[in-house]
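> First the structure, then my questions, so here it is.
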Amino acid sequence: MSASSATTSAATSTAAPAPSTPIPDPTTALRAAGRLVVVVDSSASMATHLPTVQDSLTELFRQVPDGVTVGLTTYSPAGVAVLVPAEPVNGDRREQLVKAVQGLTTTAGTNRPVFDALTLSYQHVLAGQPGSDPAPILM
């Protein structure tokens, strides 16, 4: 075996293996989950990242299938706020979510009540739904 064929064999064997299961389409995953709570850190530390978060969430909310329950919660030094209650998405609801995301601002301070935000988000999305599985939360 020549040196060049040995090099080719080694290079071929280091290729990443194909994934064993395909990654589901986000729309399919959202429809299957049925519920989503988005929790956004709106503390001052997010000031440079907020435009990217807003663009990403705007795109996500525009693609969420009708009927999927979606809520939007923020946390910052000012506290925790449910900006958009968790309810099924439709045309008007979609625009409410997009407007809320586009209106996000940051707040200065050191307190960042992430645990409170997560707890409130779970309680809010599960209200009136006894025996429900916890809702996925995206931070």
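> Can you give me the long-range amide H partners of residue 70? Hydrogens built in the peptide plane at 1.01 Å from N, cutoff under 5 Å, separation of 5 or more residues or another chain.
36, 87, 89
> Using R₀ = 35 Å, calculate the FRET efficiency as 1/(1 + (r/R₀)^6) where r is the Cβ-Cβ separation of residue 66 and residue 119; round to 0.05.
0.75
> Simple spin-label model, 7 Å along Cα-to-Cβ: residue 90 to residue 55 in nm?
Spacing of the two 7 Å Cα→Cβ label points: 3.3 nm.
Readers should treat all values here as calculations from the given coordinates under stated rules, not as data from a laboratory. Quick caveat, the model's predicted, so the values are computed rather than measured. Cβ: placed from backbone, ideal geometry, glycine included. Neighbour counts: every protein chain shown.
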